[in-house]
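Engineer: Here it is, the structure in full.
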Amino acid sequence: MAETYDFTKDCYGSHEDKERFHRVAKRQLKQLAREMGFPAGSFDLRSNKGGPAVSGEITLHHEDIYIQASNPGRRQETGLLIRTCKGRKDYTGGRNHFAPLTWLDDADRQRLVALAKQVIEQKNGFNADEKNDPSYNPYYSTPVRSR
């Protein structure tokens, strides 16, 4: 059975909790890449553990999208940062979108897949950052914060 982590609790309490958080989140982001249909070699997975007072972050960086998991403590709805990017050397990306960290879990990952595809569609279909599309309204297309 695969190792699990309760994404609703913080991981600052112990070194072991932080290690488990990073292991599980990295595995879940790799599974997300598979479910998104990203071929092997078309994305990077990075882990930065940070210092003792933070969770650090685990990042899935594809040519079109950047998804970063961190444990924000009580602000769980912002645990996943999702943004478009221009290749794997773009570390700032487009507009920020957020989703709950729990969407990494197997039961909720399809919600994350759907949101990530919607963010990629924003870039590939009618990216407001690149085209002047008068019909584009970010408040009606991709949610800034998902519930």
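Engineer: I'm trying to understand the selection: among the residues of segment 76-90, which are assigned to a strand (DSSP E or B) and within 22 Å of GLU19 (Cβ to Cβ)?
Structural biologist: Of everything in segment 76-90, those that are assigned to a strand (DSSP E or B) and within 22 Å of GLU19 (Cβ to Cβ) turn out to be LEU80, LEU81.
Engineer: Another one. I'd like the residue in segment 1-34 that is surrounded by 14 or more Cβ atoms within 10 Å (Cβ to Cβ) and among the acidic types (Asp, Glu) and, out of all such residues, is modelled with the lowest pLDDT.
Structural biologist: ASP10
Engineer: Still on this structure: Go through segment 32-56 and give me each residue that's touching a residue at least 24 places away in the same chain (Cβ under 8 Å) and within 22 Å of TYR91 (Cα to Cα).
Structural biologist: Residues satisfying the conditions are LEU32, ALA33, MET36, PHE38, PHE43, ASP44, SER47, LYS49, VAL54, SER55, GLY56.
Engineer: Also, quick follow-up: Look at segment 96-105 and say how many of its residues are buried (at least 16 other Cβ atoms within 10 Å of the Cβ) and either acidic (Asp, Glu) or farther than 21 Å from ASP10 by Cβ (or both).
Structural biologist: So the count comes out to 2.
Engineer: Sticking with this one: Quick one: would you say ILE65 is over 22 Å from GLU3 (Cβ atoms), of a type in the set (Val, Ile, Thr) and touching a residue at least 24 places away in the same chain (Cβ under 8 Å)?
Structural biologist: It is true that ILE65 is over 22 Å from GLU3 (Cβ atoms), of a type in the set (Val, Ile, Thr) and touching a residue at least 24 places away in the same chain (Cβ under 8 Å).
Engineer: Testing ARG145 on (1) among the basic types (Lys, Arg); (2) at pLDDT 90 or above; (3) surrounded by fewer than 18 Cβ atoms within 10 Å (Cβ to Cβ), one condition comes back false. Which one is that?
Structural biologist: Single failed check for ARG145: (2).
Engineer: Can you name the number of the only condition in (1) assigned to a loop (DSSP other than H, G, I, E, B); (2) surrounded by fewer than 17 Cβ atoms within 10 Å (Cβ to Cβ); (3) modelled with pLDDT under 90 that GLY93 fails?
Structural biologist: So the condition that GLY93 fails would be (2).
Engineer: What is the number of the single condition among (1) surrounded by 15 or more Cβ atoms within 10 Å (Cβ to Cβ); (2) at pLDDT 90 or above; (3) closer than 18 Å to GLU121 by Cα that SER42 does not meet?
Structural biologist: In the conditions (1) surrounded by 15 or more Cβ atoms within 10 Å (Cβ to Cβ); (2) at pLDDT 90 or above; (3) closer than 18 Å to GLU121 by Cα, SER42 misses (1) alone.
The values are calculated or read from the model by the stated rules, or taken from the named source; none is laboratory data. These figures come from a predicted structure and were not determined experimentally. Cβ: placed from backbone, ideal geometry, glycine included. Neighbour counts: every protein chain shown.
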